[in-house]
């Protein structure tokens, strides 16, 4: 169980980074411009930096992921169901990182 709590939030945060990085490729379509690709790339880099921060300091990054997830969940509506996924995955990762951070503090 300890390994699941350790690895699952890391996998989820990498999936979030991959999700944003995937949309860089969408920028080559006719509806998107290079600015759209740049913004998705910057967003992917920011989430990657948060992920790396979270691996070193789980509690700090956990709160960032929780705020990110809650922000997307609050902006979600029934017609935009994908926002629930975009908000839920970081929220779950943040909660798991927070659990790991408290568990790490208890062990030391």
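Quick notes on this structure:
- Residues that are outside any helix (DSSP H, G or I) and loosely packed, with under 13 Cβ neighbours inside 10 Å were ranked within the stretch 1-52; the one that is farthest from the chain's Cα centre (by Cα) is 30.
- Positions within the stretch 53-89 being farther than 19 Å from residue 9 by Cα and not in a helix (DSSP H, G or I), in sequence order: 76, 77, 78, 79, 80, 81
- Test for residue 45: is it closer than 18 Å to residue 104 by Cβ and at pLDDT 80 or above: no
The values are calculated or read from the model by the stated rules, or taken from the named source; none is laboratory data. On a predicted model such as this, the values are computed, not experimentally measured, just so you know. Quick reminder, even Gly has a Cβ in these numbers, built from the backbone with ideal geometry, and neighbours come from all protein chains shown.
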